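Peer 1: To start, I am sharing the structure in question, which I have written as structure tokens.
The values are calculated or read from the model by the stated rules, or taken from the named source; none is laboratory data. What you are looking at is a predicted structure, and each value in this text was computed from that prediction instead of being measured. Backbone-built Cβ (ideal geometry, glycine too); neighbour counts: all protein chains shown.
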Amino acid sequence: MWEFISERGDLIAYNALQHANLVLQAVVVATVLAVGIAVVVDRFRFLDPIANTVSAIGLTIPSFALVGLLLPLTMIGALTAFICVVFYATLPILRNAVVGFAQVDKTLIESARGMGMSDLGVLLRVRLPLAWPVIHAGVRTSVQMSMGIAAIAAYVLGPGLGGYIFTGLSQAGGVNAVNYAVVGTVGIVLVALVADLLMLLLGRLTISKGIRA
Amino acid sequence: MTQTDQASERAISGAELRLENVVKRYPGQKTAAVESLSLTIPAGEIVAFVGPSGCGKTTTLKMINRLIEPTSGTILIDGKDISQESATSLRRKIGYVIQGGSLFPHMSVAANVAVVPKMLGWDAKKISARTDELLDLVGLDPDRYRDRYPRELSGGQQQRVGVARGLAADPPVILMDEPFGAVDPITRQRLQDELISIQRELRKTIVCVTHDIDEAIKLGDRILILQEGATIAQYDTPDAILAAPANDFVHDFVGAGSSLKQLSLARVRSLDLVHPTTATVGEDTGPAVRRAEEAGDDAIVVLDDRGRPVAWPWLRQVRSNDRVKGSPRENLVTLDQAATLNDALDTMLTAAHSKVIVTGDRDKYLGVLDFETVTEHMRRTEREAAEHQLEQQEGAQADG
């Protein structure tokens with residue numbers, strides 16, 4: 001086992017970084033998407049149940065199936081993996097963002113408007129900061145979930161540690177099969193742990209002291 | 001502060017507010033929420049809008065800063081039609097204070113106060129100087145409070161910050177919607193006193209919506225009593241409304257015992273204050289105690305370096321220290337000179353001294369009001385009222 005790892009140390013580290021990178025980029029895009037959709041949903045409340053249903057049903061689609069569905073459209077490669085991860089990453093953030101915006105006290109919004117804030121000002125300076133703790137929690141969940149999804153997405157030759165797991169599976173019974181699977185799995189868990197710590201730190205830095213739990 | 005500064009601050013900084021045939025009709029509703037309201041609010045006055053809930057007072061208020069757009073009619077501030085300006089730039093020139101302060105919980109006290117100046121693009125130095133000045137004005141020590149968050153403040157303190165925020169960009173017109181509705185009665189009384197004292201200094205045009213006729217009587221230079229559909233039942237000074245209600249509605253609304261209410265019109269400043277021994281924090285106790293003994297006082301009023309009362313210890317408490325000690329100013333119950341006699345009596349009944357310290361602008365010490373002075377004043381007013389009534393009756397008999 002140690003021999004296996006030390007022989008491929010650099011490559012494993014590279015793939016771990018690739019894995020983290022894929023998740024990071026996907027989650028950033030997903031956050032922007034989800035917050036954008038949530039702003040629209042908050043404006044047109046009748047969309048609320050639709051958004052909730054979509055995020056609930058979306059999470060029931062097996063990620064493997066989605067990869068299969070995307071293949072004819074986007075071909076084998078990183079793009080398919082990326083789209084797949086973005087799709088799943090968006091759902092928990094969307095749900096939290098909708099709830100987060102809905103929780104913002106309406107009198108605060110009116111008072112902000114009454115003081116002469118523009119609609120964009122109210123969004124950026126009042127609604128977003130107040131909804132942020134809830135949205136941030138969604139992003140944190142999303143990061144964790146995306147680590148696993150990214151592993152599956154490696155099936156279409158996406159980047160990251162997922163490749164090791166698939167190699168291990170395809171070589172089941174072979175010399176290094178278990179080593180591949182273990183390195184892939186444990187590697188993802190470790191990357192996820194580090195990412196979660198960073199998310200905690202991000203929360204500390206971005207959630208106002210006035211509303212921190 | 002120099003003399004000229006003071007003088008210019010006393011000048012009216014408010015603007016005249018005029019409503020002309022203002023109507024608000026909501027689609028699908030038979031009756032208009034506001035039915036052709038015309039009204040002039042003179043510059044520099046506080047006008048209290050009162051009336052039963054649903055009478056359209058808040059709707060009227062919100063039409064002044066265009067949170068609600070009128071169906072027809074014109075609103076003019078300082079002679080200028082407000083619909084000619086963009087809503088956001090108009091609102092930045094109108095202070096807005098609502099119930100509970102409605103502070104942004106994610107912003108520090110200073111950031112809350114700075115919201116409008118920031119939007120107006122003031123530079124950081126000017127903003128922080130202004131913030132400190134305003135916190136001081138509303139009785140919060142800037143060094144202690146500017147970096148706190150709203151949840152670390154009491155309800156009354158939050159409301160104070162709310163008032164400071166409304167004043168931040170020095171707007172000529174300030175709108176207040178049930179500003180003191182969310183605090184306990186004692187705090188409310190203090191906040192009302194402070195508002196009157198601030199207004200004495202600033203002379204803004206203030207529109208204050210309230211459902212509490214007593215608050216209206218206390219705060220308002222004029223009171224607008226509204227009926228269903230924002231029809232004016234009466235618009236006059238508190239004295240005139242109490243003395244001569246325009247109709248049964250006003251009579252019922254003002255309530256029974258309006259002669260007693262008239263008593264509550266009397267302000268502390270119209271009474272003579274007594275001046276017991278005072279001492280400054282940090283002074284040697286020896287001379288202070290001697291002064292008190294010579295004057296026959298059993299307590300000393302302790303002032304801080306800005307002449308604000310901070311403590312009111314008995315002589316034996318003073319003697320136990322070498323130097324005169326203060327305590328946090330918030331712990332001492334004082335009364336603004338604009339407080340009513342009702343407030344004064346309330347405060348005395350709960351105080352240790354059966355007297356109360358009276359303060360003026362920025363909490364400066366003025367003197368002490370004792371129980372006898374208040375009861376003497378009440379007796380005299382009652383006697384005068386009775387004589388007045390007698391004269392009227394005699395007059396009526398003579399006419400008949």
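Peer 1: Just to verify a result, which residue in region B:322-350, among those that are of a type in the set (S, T, N, Q) and at pLDDT below 85, is farthest from B:M378 (Cα to Cα)?
Peer 2: Step one: filter region B:322-350 for residues of a type in the set (S, T, N, Q), giving B:327, B:331, B:334, B:337, B:340, B:342, B:347, B:350.
Those left that are additionally at pLDDT below 85: B:327, B:331, B:337, B:340, B:342, B:347, B:350.
Working: B:S327: 34, B:N331: 29, B:Q337: 17, B:T340: 12, B:N342: 10, B:T347: 16, B:T350: 19 Å.
Top of the filtered list is B:S327.
Peer 1: Considering B:R144, B:R200, B:R151, which residue is in contact (Cβ under 8 Å) with a residue 60 or more places away in the chain and not aliphatic (A, V, I, L, M)? Walk me through it before giving the result.
Peer 2: Numbers: B:R144 fails: in contact (Cβ under 8 Å) with a residue 60 or more places away in the chain; B:R151 fails: in contact (Cβ under 8 Å) with a residue 60 or more places away in the chain.
Matching residue, one of B:R144, B:R200, B:R151: B:R200.
Peer 1: Still on this structure, please answer the following. Could you please find all residues in region B:302-317 being in a strand (DSSP E or B) and in contact with a helix residue (DSSP H, G or I) (Cβ under 6 Å, 6 or more places away or on another chain)?
Peer 2: Let us first name the residues in region B:302-317 that are in a strand (DSSP E or B), namely B:302-303, B:309-311, B:314.
Of everything in region B:302-317, just one residue is in a strand (DSSP E or B) and in contact with a helix residue (DSSP H, G or I) (Cβ under 6 Å, 6 or more places away or on another chain), namely B:V310.
Peer 1: What pairs can you find where one residue is in region A:77-105 and closer than 21 Å to A:A137 by Cα, the other is not in a helix (DSSP H, G or I), and their Cβ atoms are less than 7 Å apart, with a gap of 6+ or different chains?
Peer 2: A:L91/A:L59
Peer 1: Please state which one of B:D147, B:D141 is more than 10 Å from chain A (Cβ to nearest Cβ), surrounded by fewer than 21 Cβ atoms within 10 Å (Cβ to Cβ) and either closer than 28 Å to B:N331 by Cβ or among the β-branched types (V, I, T) (or both).
Peer 2: Details: B:D147 fails: more than 10 Å from chain A (Cβ to nearest Cβ).
Within the list B:D147, B:D141, the selection yields B:D141.
Peer 1: Then there is this: When you check A:G187 against the structure, is it closer than 16 Å to A:A16 by Cα, away from chain B (no Cβ under 12 Å) and in contact with a Ser or Thr (Cβ under 8 Å, 6 or more places away or on another chain), yes or no?
Peer 2: Working: closer than 16 Å to A:A16 by Cα: yes; away from chain B (no Cβ under 12 Å): yes; in contact with a Ser or Thr (Cβ under 8 Å, 6 or more places away or on another chain): no.
The answer is no for A:G187.
Peer 1: Across region A:106-146, what is the number of residues that are within 7 Å of chain B (Cβ to nearest Cβ), in contact (Cβ under 8 Å) with a residue 24 or more places away in the chain and touching a helix residue (DSSP H, G or I) at 6+ places or on another chain (Cβ under 8 Å)?
Peer 2: Residues meeting the conditions: 1.
Peer 1: Could you list all residues from region B:116-138 that are facing chain A (nearest Cβ under 7 Å) and either surrounded by 24 or more Cβ atoms within 10 Å (Cβ to Cβ) or in contact with a His (Cβ under 9 Å, 6 or more places away or on another chain) (or both)?
Peer 2: Of region B:116-138, the ones facing chain A (nearest Cβ under 7 Å) are B:116, B:119.
Across region B:116-138, the qualifying residue is only B:V116.
Peer 1: Test A:A153 against the stated conditions and say whether it is part of a helix (DSSP H, G or I), within 26 Å of A:L59 (Cα to Cα) and in contact with a Cys (Cβ under 8 Å, 6 or more places away or on another chain). Give the derivation first.
Peer 2: Details: part of a helix (DSSP H, G or I): yes; within 26 Å of A:L59 (Cα to Cα): yes; in contact with a Cys (Cβ under 8 Å, 6 or more places away or on another chain): yes.
Spelling it out, A:A153 is indeed part of a helix (DSSP H, G or I), within 26 Å of A:L59 (Cα to Cα) and in contact with a Cys (Cβ under 8 Å, 6 or more places away or on another chain).
Peer 1: Looking only at region B:91-107, how many residues end up being more than 7 Å from chain A (Cβ to nearest Cβ) and surrounded by fewer than 22 Cβ atoms within 10 Å (Cβ to Cβ)?
Peer 2: The first filter runs over region B:91-107 and keeps only residues more than 7 Å from chain A (Cβ to nearest Cβ), leaving B:93-95, B:97, B:99-101, B:103.
Adding the requirement that they be surrounded by fewer than 22 Cβ atoms within 10 Å (Cβ to Cβ) leaves B:93, B:99-100.
Of the residues in region B:91-107, 3 are more than 7 Å from chain A (Cβ to nearest Cβ) and surrounded by fewer than 22 Cβ atoms within 10 Å (Cβ to Cβ).
Peer 1: I would also like to ask the following. Given (1) outside any loop (DSSP other than H, G, I, E, B); (2) within 12 Å of chain A (Cβ to nearest Cβ), where does B:Q157 come up short, assuming only one miss?
Peer 2: Here B:Q157 clears every test but (2).
Peer 1: Is one or more of the residues making up region B:76-90 in a helix (DSSP H, G or I), of a type outside the set (S, T, N, Q) and more than 9 Å from every other protein chain (Cβ to nearest Cβ)? Reasoning before the result, please.
Peer 2: Going through region B:76-90, the residues in a helix (DSSP H, G or I) turn out to be B:82-84, B:87-90.
Of the ones still in play, those that are also of a type outside the set (S, T, N, Q) are B:82, B:87, B:90.
Then keep just the ones that are more than 9 Å from every other protein chain (Cβ to nearest Cβ); that gives B:82.
Yes: region B:76-90 contains one or more residues that are in a helix (DSSP H, G or I), of a type outside the set (S, T, N, Q) and more than 9 Å from every other protein chain (Cβ to nearest Cβ).
Peer 1: Now, a different point. Considering region A:71-111 alone, what residues qualify as being part of a helix (DSSP H, G or I) and acidic (D, E)? Steps first, please.
Peer 2: Of all residues in region A:71-111, those part of a helix (DSSP H, G or I) come to A:71-74, A:78-103, A:106-111.
Matches in region A:71-111: A:E110 only.
Peer 1: Determine whether A:M115 is surrounded by 18 or more Cβ atoms within 10 Å (Cβ to Cβ) and under 19 Å from the mean Cα position of the chain (by Cα).
Peer 2: Details: surrounded by 18 or more Cβ atoms within 10 Å (Cβ to Cβ): yes; under 19 Å from the mean Cα position of the chain (by Cα): no.
So A:M115 does not fit the description; no.
Peer 1: On to the next question. Anything in region A:1-51 that is over 21 Å from A:V143 (Cβ atoms), aromatic (F, W, Y) and part of a helix (DSSP H, G or I)? List them, or say none.
Peer 2: Within region A:1-51, A:W2, A:F4, A:F46 qualify.
Peer 1: Any idea which of B:A111, B:A48, B:A43 is surrounded by fewer than 23 Cβ atoms within 10 Å (Cβ to Cβ), within 22 Å of the chain's Cα centre (by Cα) and either assigned to a loop (DSSP other than H, G, I, E, B) or at pLDDT 90 or above (or both)?
Peer 2: Values: B:A111 fails: within 22 Å of the chain's Cα centre (by Cα); B:A48 fails: surrounded by fewer than 23 Cβ atoms within 10 Å (Cβ to Cβ).
After applying the criteria, what remains is B:A43.
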